[in-house]
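Undergrad: Could you have a look at this structure, given as C-alpha cells, before my questions?
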Amino acid sequence: MRVRPFEPADLARWDDYVRAQPGSSFGHLSGWKALVEESYGCESWYWLAEDEGRIRGVLPLFVRARRGRALFSAPGGLLADDEATAAALLAPARERVAREHLDYLELRDQAREWPDLVTSGEHCTLVLDLAAREEDQWSAFGTKLRNQIRKGQRSGFGVRWGRDQIPAFHRVMLETMRDLGTPLRGTGYFSRALEALERADLLVLELDGRPAGAMFVVEHRETASDPWASSPRRLLALCPNQVLYWEAIRRSIARGLRSFDFGRSQWNSGTFQFKVQWGATPRPLYYQYAAGGGAQLPTLEGQKRGYDLAVRAWKHLPLWAAGILGERVKRLFPEVV
C-alpha cells in the first residue's frame, strides 16, 4: 500500500471513492477543499492511500495558522477501508505535528472511531430513515408533531426553493446566529458553498413577504442533510421550524432519498430533543486528537468558557453590525463550519 499527498489528477478518483463509502460525508468531497482554501486562505493537506491503483482511504486536512497552529480535518474526518489503512494515513500527519511542533491533529465529525487517538464523544448526529411515501412518513409522526406542523401551515408560511434565495437565507441565519452570540460569514461564502457542493439547494420560508425560515440542504449518496438551518426566535410560537423540516423531508422523499440527517447536536440537548421527536435515531460522532506541542486539547466546555464574554457581547450587536463584523471574525475560525 502506498500513502501519498493528493494531486489535482486524483480529483475524480478521490470523489468516486468518497461517494462509494457508506460512512462518508459531503465534507469528504474535493469541493470542500476548494471552499475552505478560497474562503479562509488555509493550506490544505490532503492524503490518500492506494493499493494496486485502488484508493483505500483518504485524509482531508487543513492547517490552522492562527490561535495556535494545528491540523484539522474536513467534516467527516478520516475515511478508510480498515484500521491498517487509517494508521498508514495518520503516520505523515503525526510526523508533521511533531516536526513542526503543532498543537494537535483534530479529526472532526467522524462516523467511525479509530484506535490510538484521544476521543471525544460529546456529539452525535440524528438520522431519520425515510418512508417510501410521504403519507407513510406523516403517519409515523406523533400527534404533537403533526399538530405543530399543521399550526405552522395555518400560520401562512410561503415555501421557496432555489439557489437564488441566498439573500433571504442569509437574513434569517444572520438574525438567529446574532441572537446565539455567534458570527456568520457573508452571502459570498454561501454562494461558494452552493457551487462547491454539487447537490446543494436552499429552502426559505416567507411570512408577509419577509424571510421567516432558512435551510441549506445537501444531498450525499442517499441522504439529505442540513448543515445550516434556523428560524428567528421571535417567530417560534408559529412553528416555522416544523414547517421547514417537513418541507425538506417531503422533498427528500419525492427525490427518492433514503434518509434525512438532522445534523450534529450535543447528547440530550434542546436541539437533540427537537430532532428525536421526528423519529430520528442518534448516531455517535467522534472527535479524535493526536496531541502535539503540549497545548491543551480542545473541549466543548473549554470553548464555552473561552468565548463566553465575546458571545454575550455579540448578542447585543445591531444586525447590520453583526453582518459587517461577522465576515471578518468568522474568517479567523476555519475549523468551525
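The values are calculated or read from the model by the stated rules, or taken from the named source; none is laboratory data. All values derive from a computational prediction rather than experimental measurement. Heads up, the Cβs are rebuilt from the backbone with ideal geometry, glycines too, and the neighbour counts pull from every protein chain shown. Surface areas here come from the heavy atoms of the whole protein model, side chains and all, with no ligands, DNA or RNA. Shrake-Rupley method; radii C 1.70, N 1.55, O 1.52, S 1.80 Å.
Undergrad: Quantify how much of the Cα-Cα distance distribution of the chain extends past 35 Å, in percent.
TA: Working: 12716 of 56616 pairs.
Here the tail beyond 35 Å accounts for 22 percent of pairs.
Undergrad: Would you mind checking the tilt of helix 187-196 against the longest principal axis of the Cα atoms of the chain, expressed as 0 to 90 degrees and rounded to 10?
TA: Once rounded, one gets 60 degrees.
Undergrad: Here is a further query. Label region 201-269 by shape, choosing from rounded, prolate and oblate, from the square roots a ≥ b ≥ c of the eigenvalues of the Cα gyration tensor; if a/c is under 1.5 it is rounded, and otherwise prolate applies when a/b is larger than b/c, oblate when it is not. List each step's numbers first, then the result.
TA: On the way: a/c = 2.22, a/b = 1.40, b/c = 1.59.
Here region 201-269 falls in the oblate category.
Undergrad: How many angstrom separate the Cα center of region 223-299 from the Cα center of region 180-195?
TA: 18
Undergrad: With loop defined by DSSP as not H, G, I, E or B, and exposure as at most 16 other Cβ atoms within 10 Å, which is the longest segment of the chain clear of exposed GluC sites (Glu not before Pro)?
TA: Longest site-free region, per DSSP loop and neighbour criteria: 223-337.
Undergrad: Classify region 74-221 as rounded, prolate or oblate from the Cα gyration tensor: take a ≥ b ≥ c as the square roots of its eigenvalues, call it rounded if a/c is under 1.5, otherwise prolate when a/b beats b/c and oblate if not. Display every interim value, and only then the final one.
TA: Numbers: a/c = 2.52, a/b = 1.71, b/c = 1.48.
Prolate shape, in that a/c is at least 1.5 and a/b is the bigger ratio.
Undergrad: In the Gaussian network model of the chain, springs joining C-alpha atoms below 10 Å, which of L244, L11, L78 carries the largest mean-square fluctuation?
TA: L11
Undergrad: Taking Cα atoms, how many degrees apart are the long axis of helix 143-154 and the longest axis of the chain, rounded to 10 and kept between 0 and 90?
TA: 70
Undergrad: Which FRET efficiency value, to the nearest 0.05, is calculated for Y307 and E195 with the Förster distance at 30 angstrom and r the Cβ-Cβ distance? Write out the running numbers ahead of the final one.
TA: Numbers: r = 30 Å, r/R0 = 1.01.
About 0.50, to the nearest 0.05.
Undergrad: Moving to a separate point now. Under the rule a/c < 1.5 gives rounded, and otherwise a/b versus b/c splits prolate from oblate, where does region 140-289 land using the Cα gyration tensor? Could you put the intermediate results ahead of the total?
TA: Numbers: a/c = 1.22, a/b = 1.01, b/c = 1.21.
Rounded is the answer for region 140-289, as its axis ratio a/c remains below 1.5.
Undergrad: Could I ask something else about it? Can you check what the net charge comes to around W114, using other residues whose Cβ is under 15 Å from the Cβ of W114 (Lys, Arg +1; Asp, Glu -1)? Present the calculation step by step, with values, prior to reporting the outcome.
TA: Numbers: positive: R56, R94, R108, R112; negative: D81, D82, E83, E106, D109, E113, D116.
Around W114, the charge tally is -3.
Undergrad: Further question: Under a cut-off of 22 Å between alpha-carbon atoms, report the lysines in cross-link reach of K144, not counting same-chain residues fewer than 8 places apart.
TA: K144 reaches K275.
Undergrad: Just the number please: accessible area per residue for region 81-237, 1.4 Å probe, all protein chains included, in Å². Walk me through the numbers on the way to the answer.
TA: Numbers: 6950 Å² over 157 residues.
Per-residue value: 44 Å².
Undergrad: Can you give me the long-range amide H partners of L130? Hydrogens built in the peptide plane at 1.01 Å from N, cutoff under 5 Å, separation of 5 or more residues or another chain.
TA: Here the answer is S259, F260, since their amide H atoms fall under 5 Å of that of L130.
Undergrad: For helix 11-20, what angle does its Cα long axis make with the longest principal axis of the chain, in degrees from 0 to 90 and rounded to 10?
TA: 60
Undergrad: Output the antiparallel fraction of DSSP beta bridges having both residues in the chain, as a percent to the nearest 5.
TA: Values: 56 of 61 bridges.
Among the beta bridges of the chain, antiparallel pairing accounts for roughly 90 percent.
Undergrad: Okay, moving on. Given the C-alpha atoms of region 42-116, compute the convex hull and give its volume per residue in Å³.
TA: Working: hull volume 7.0 nm³, N = 75.
In region 42-116, the Cα hull volume divided by residue count equals 94 Å³.
Undergrad: Cβ under 11 Å from R221's Cβ, R221 left aside: what net charge do those residues give with Lys, Arg +1 and Asp, Glu -1?
TA: 0
Undergrad: Taking only Cα atoms and a 10 Å spring cutoff, compute GNM fluctuations for the chain and point out the largest among G53, G263, G152.
TA: Maximum fluctuation in the GNM of the chain, among the listed residues, is at G53.
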